Amino acid sequence: MKKEYRIKKNEAFQEVFQKGRSFANRQLVLYYKKQDNGDAHFRIGLSVSKKLGNAVMRNKIKRYLRQAFHELDEQVAGGYDYVVIARQPAKDMSYQELKKSLIHVLWKSRLLKQQKNETKI
């Protein structure tokens, strides 16, 4: 994931939390907000609490989520800032399960360009 496609600053996270909308399932919470600058590509920010495990576990979850966004790049709606918060069940999931959960929460929020049945998991 390129640096310009990541949300790093606390102010950007807070803006998405306060002005954006959210959808959730048991494993993930997705906040999203339309970008002010009208950029064609989306930006993502990831949040994994220390309650989920040590640094190795938290980094693994973030790697899985980044890879899932990378594979879904063509299907995810551009022009949005996304913040994904991992919940407790996410630490016990494989990559495929986490990707499926991300697809589910994106689908619920109507941010996937393709039909759910056509999405390859």
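The values are calculated or read from the model by the stated rules, or taken from the named source; none is laboratory data. Here the structure is a predicted model, which means the values were calculated and not measured. Quick reminder, even Gly has a Cβ in these numbers, built from the backbone with ideal geometry, and neighbours come from all protein chains shown. Side chains are part of the model used for accessible areas, which takes the heavy atoms of the whole protein and leaves out ligands, DNA and RNA. Shrake-Rupley method; radii C 1.70, N 1.55, O 1.52, S 1.80 Å.
Data for the structure
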| item | result |
| --- | --- |
| Selected from 48, 65, 37, residue furthest toward positive end of dipole (the range 32-72; charges at beta carbon) | 48 |
| Percentage relative contact order, the chain, counting C-alpha pairs under 8 Å, at least six apart | 33 |
| Kirkwood Rh, Cα atoms: Rg over Rh of the range 1-63 | 0.98 |
| Length gained when the stretch residue 59-residue 97 is fully extended (0.36 nm per residue, less Cα-Cα span) | 12.0 nm |
| Hz values of 3J(HN,Hα) by residue in the range 53-63 - Karplus curve (6.51, -1.76, 1.60), Gly and Pro given as x | x, 6, 4, 4, 5, 5, 5, 5, 4, 5, 4 |
| Per residue, the convex hull volume that the Cα atoms of the range 57-103 enclose (Å³) | 73 |
| DSSP-loop GluC sites (Glu not before Pro) across the range 1-82, with at most 12 other Cβ within 10 angstrom | 74 |
| The range 30-93 - percent relative contact order, Cα under 8 Å, separation 6 or more | 58 |
| Net charge dipole size for the chain [Lys, Arg +1 and Asp, Glu -1 on Cβ; Debye, nearest 20] | 420 |
| Segment residue 21-residue 50, extension gain: residue separation times 0.36 nm, minus the distance between their alpha carbons | 8.0 nm |
| Within the accessible area of the chain (1.4 Å probe), percent carbon and sulfur | 45 |
| Residue-normalised accessible area of the chain, given per residue in Å² at a 1.4 Å probe | 61 |
| Centroid-to-centroid separation of the range 61-110 and the range 1-46 [C-alpha atoms, Å] | 12 |
| Cut-off 16 Å (backbone N to label point 7 Å along Cα→Cβ of residue 40), residues of the range 50-93 | 73-80 |
